[in-house]
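Heads up, the thing below is written out as structure tokens.
The values are calculated or read from the model by the stated rules, or taken from the named source; none is laboratory data. Note that the coordinates shown come from a computational prediction; the quantities given were computed from them, not determined experimentally. Don't worry about glycine lacking a Cβ; one is built from the backbone with ideal geometry, like all the others, and counts go over all protein chains shown.
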Amino acid sequence: MYRLADKLLEQLKKLIRREFNRLGIFGFDELNAPRITRETIALYDRMLAENKKRFLEAAKKAYSDAVATAVAAEYREQGAMRIDDVWLDALLGAYNFVSGFLYESEAERKRLRLAEQMMTAREYQNRPLYNESLRRAANLWWTQTAHYMLDAVDAATLDGYRDCGVEKVKWITNIDGKECITCRSRHGKVYDIDNVPPKAHRNCRCYLLPVKKEGG
Ligand SMILES: [Zn+2]
């Protein structure tokens with residue numbers, strides 16, 4: 001279910017580390033407010049673009065996997081593939097119940113916070129604080145990235161089912177002793193496809209399967 005997403009996330013993890021480390025090479029004498037603004041804008045712009053590319057790749061795969069799963073459950077594909085930039089922008093532009101924010105506004109908030117921390121560390125010529133700010137910003141960006149990657153996969157999966165006329169889906173929780181109470185209580189439950197509850201927490205790897213067509 002999340003195999004390609006996990007592979008792409010591994011790439012992003014390395015990229016994030018590399019990108020945020022890049023900001024660590026500047027000497028305090030080189031850093032002024034306009035420079036910090038410029039560098040952080042460029043950084044987040046690159047990371048947003050890298051994320052988008054991979055979210056889209058994972059979503060396209062999830063969509064076609066979902067169609068294949070639905071077809072195996074005796075549904076027939078009716079719609080056309082429409083996982084594209086417009087689709088992704090709509091997903092990222094919507095309020096997200098699990099993260100509790102809007103993707104791009106949150107990226108801008110994180111960027112401003114990082115710029116402020118870089119300025120502060122520079123004022124005090126405090127290298128450890130500066131590096132710690134970069135490290136923390138990288139971790140926060142990673143969390144946001146990982147969350148939205150899974151979200152894109154989940155949304156594309158549901159769209160794939162919908163395009164095959166699936167109306168009901170079954171919640172599947174991987175029962176391994178590490179699952180949370182909410183996820184465990186949902187295991188096996190059937191939901192209307194347009195009424196699936198939002199995931200209870202970040203990094204939830206529960207997934208949905210189409211319920212076999214009645215009388216099909
Ligand atoms: Zn879960």
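For residue 212, only one of the following conditions fails: (1) modelled with pLDDT under 95; (2) of a type in the set (Lys, Arg); (3) within 16 Å of the ligand (Cβ to nearest atom). What is its number?
Here residue 212 clears every test but (3).
Given the conditions (1) within 12 Å of the ligand (Cβ to nearest atom); (2) among the aliphatic types (A, V, I, L, M); (3) at pLDDT 95 or above, which single one is not true for residue 175?
(3)
Those residues that are touching a helix residue (DSSP H, G or I) at 6+ places or on another chain (Cβ under 8 Å) and either among the hydrophobic types (A, V, I, L, M, F, W, C) or away from the ligand (no atom under 12 Å from the Cβ) (or both), I need them from segment 195-209; list them, please.
The initial filter retains those residues of segment 195-209 that are touching a helix residue (DSSP H, G or I) at 6+ places or on another chain (Cβ under 8 Å), namely 196-197, 199-209.
Within segment 195-209, 196, 200, 204, 206, 208, 209 qualify.
For segment 165-186, how many residues are in contact (Cβ under 8 Å) with a residue 24 or more places away in the chain and of a type in the set (A, V, I, L, M)?
Residues flagged as in contact (Cβ under 8 Å) with a residue 24 or more places away in the chain and of a type in the set (A, V, I, L, M) within segment 165-186 amount to 3.
Please work out if residue 189 is within 16 Å of the ligand (Cβ to nearest atom) and touching a residue at least 40 places away in the same chain (Cβ under 8 Å).
So residue 189 fails the test.
Please give the number of the condition residue 157 fails out of (1) over 28 Å from residue 21 (Cβ atoms); (2) away from the ligand (no atom under 16 Å from the Cβ); (3) in a helix (DSSP H, G or I).
The single condition residue 157 does not satisfy is (2).
Considering only segment 98-113, state which residues are in a loop (DSSP other than H, G, I, E, B) and surrounded by 11 or more Cβ atoms within 10 Å (Cβ to Cβ). Explain how you work it out, then say what you get.
Restricting attention to segment 98-113, the residues satisfying the condition of being in a loop (DSSP other than H, G, I, E, B) are 98-100, 102.
Scanning segment 98-113 gives 98, 99, 102.
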